[in-house]
Amino acid sequence: MRGDVDVITEYRHQQTKEYNGINRKELGMSGEISAAVGKVWLEYFDFLSSGSEDDSVYYEIGKRFLIAHGLKNDDKRITHEFIDQLLSGFRSEWNRYFLKLDPSLFYNRIRIPVLAIFGSDDKQTSVEQNLIPLNIALSLAGNKAFRIVVLADEDHFFLRYNDQRLTKHKKGEMQVSERLLTLIVEWLSLKGII
């Protein structure tokens, strides 16, 4: 396969990561709850992706979502208002577009130099789901000037606090990872851009 796939660290699959890449231990979820919530979450994404505007289906999924989290079927807190507070933001036009988007339709047309950087602990854009498809798409585009890198111990935002990755960011106190900045500067210099 063409391209420079550079895995800075051996990325190991973490057995505790489930439910769309979120670490259930960080959330205090049991495996049973995590599996139940994950199932309803995927059902909700399918509903959104379908373009359906059916409120009865939306509220039924919302109810199952709350029950999956441990509420009882007859819990008085399960209201349309509560479901809307939790889920309505995902019904926006932008989110529906985002859920339907297949980035490979764009990646396989890119012929300019590309530096793609993943954090090994990224919970939004996982290495497992994205590195190989990106490599394939750029290769199929005939792009010979790309590099894909996985930075160890970095999350989606590449932010550090006292040179440490935190599981919960401290707003206004974090700095962009020096390793990320160094990698970008080296790549731009190598390509003659700076």
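Provide, for q = 0.18, 0.28, 0.29 Å⁻¹, the log10 of I(q)/I(0) from a solvent-free Debye sum over equal Cα point scatterers in the range 48-97.
Taking Cα atoms of the range 48-97 as identical point scatterers yields -0.56, -1.11, -1.15.
Taking a probe of 1.4 Å, how large is the accessible area per residue of the range 35-139, in Å²? Write out the running numbers ahead of the final one.
Working: 6300 Å² over 105 residues.
Heavy-atom accessible area per residue stands at 60 Å².
Please return the longest range in the chain lying between exposed loop sites, taking GluC sites (Glu not before Pro), DSSP loop only, at most 15 other beta-carbon atoms within 10 Å, and leaving the sites out.
On the way: sites that count: 10, 53, 173.
Here the longest run is 54-172.
Need the C-alpha centroid separation for the range 161-189 versus the range 50-66, integer Å.
First find each Cα centre; the distance between them is then 39 Å.
Between the helical axis of 178-190 and the dominant principal axis of the chain, each derived from Cα atoms, what acute angle in degrees is found, rounded to the nearest 10?
50 degrees
Got a sec? Charge dipole of the chain, +1 on Cβ for Lys and Arg, -1 for Asp and Glu; which of 194, 166, 34 is way out at the positive end?
Of the options given, the answer is 194.
Rg to Rh ratio, the range 79-173, alpha-carbon atoms and Kirkwood radius?
Details: Rg = 17.4 Å, Rh = 16.0 Å.
With Rg and the Kirkwood Rh in hand, the quotient comes to 1.08.
Hey, what did the chain get for relative contact order, percent, Cα under 8 Å, at least 6 apart? Numbers along the way, then the final one.
Working: 211 pairs, mean separation 48.9, N = 194.
Contact order relative to length: 25 percent.
Taking a ≥ b ≥ c as the square roots of the Cα gyration tensor eigenvalues, with a/c under 1.5 meaning rounded and otherwise prolate when a/b beats b/c, else oblate, which class fits the range 87-129? Display every interim value, and only then the final one.
Details: a/c = 3.10, a/b = 1.40, b/c = 2.22.
Judged from the Cα gyration tensor, the range 87-129 comes out oblate (a/c at least 1.5, b/c at or above a/b).
Nearest 20 debye, what's the magnitude of the dipole of the chain about its Cα centre given +1 on Lys and Arg Cβ and -1 on Asp and Glu Cβ?
Working: 26 positive and 28 negative charges, 77 e Å.
About 360 debye.
Considering only DSSP states other than H, G, I, E and B, which trypsin sites (Lys or Arg not before Pro) in the range 123-194 qualify as loop sites with at most 10 other Cβ atoms within 10 Å? Each step should come with its number before you reach the end.
Working: sites: 123, 144, 147, 160, 165, 168, 170, 171, 179, 191; in loops: 123, 144, 165, 168, 170, 171, 191.
Filter output for the range 123-194: 168, 170, 171.
What is the distance, in nm, between label points placed 7 Å from the Cα along the Cα-to-Cβ direction at residue 157 and at residue 190?
2.8 nm
Which value in deg cm²/dmol, rounded to the nearest 500, describes the helix-derived mean residue ellipticity at 222 nm for the chain, given -39,500 (n - 2.57) per DSSP H run of n ≥ 4 and division by the residue count? It would help to have the intermediate numbers written out before the result.
On the way: 8 runs with 85 residues, N = 194.
Rounded to the nearest 500, it is -13000 deg cm²/dmol.
Within the chain, what percent of beta bridges assigned by DSSP are antiparallel, to the nearest 5? Intermediate results must be reported in sequence, preceding the final value.
Numbers: 5 of 15 bridges.
Beta bridges within the chain, antiparallel portion: roughly 35 percent.
Could you look at the range 59-167 and say what percent of its accessible area is carbon and sulfur, using a 1.4 Å probe and all protein chains? Kindly include the intermediate steps, with their values, before the conclusion.
Values: 3600 of 6470 Å².
On the range 59-167, the fraction of accessible area on carbon and sulfur atoms equals 56 percent.
Skipping prolines and chain starts, which residues have an amide H placed within reach, meaning under 5 Å, of the one on residue 160, given they are 5 or more residues away or on another chain?
175, 176, 177
Would you indicate which of (i) 13.7; (ii) 20.1; (iii) 12.0 is the value of mean projected area of the Cα convex hull in nm² derived from the coordinates of this structure?
Of the listed options (i) 13.7; (ii) 20.1; (iii) 12.0, (i) comes from this structure.
Under a straight-distance cross-link criterion of Cα-Cα below 21 Å, which lysines are reachable from residue 144, leaving out those fewer than 8 residues away in the same chain?
191
Expected output is a single nm value to one decimal: the length gained when fully extending between residue 166 and residue 132, i.e. 0.36 nm times separation in residues minus the C-alpha distance. What is it? Can you show the working numbers first?
Values: separation 34, 0.36 × 34 = 12.24 nm, distance 2.70 nm.
Additional length available on full extension: 9.5 nm.
Taking the 0 to 90 degree range and rounding to the nearest ten, how far is the long axis of helix 31-50 tilted relative to the main principal axis of the chain, both from C-alpha atoms?
Once rounded, the angle reads 80 degrees.
The values are calculated or read from the model by the stated rules, or taken from the named source; none is laboratory data. On a predicted model such as this, the values are computed, not experimentally measured, just so you know. As a convention, Cβ positions derive from the backbone with ideal geometry for all residues, glycine included, and neighbour counts pool all protein chains shown. Side chains are part of the model used for accessible areas, which takes the heavy atoms of the whole protein and leaves out ligands, DNA and RNA. Shrake-Rupley method; radii C 1.70, N 1.55, O 1.52, S 1.80 Å.
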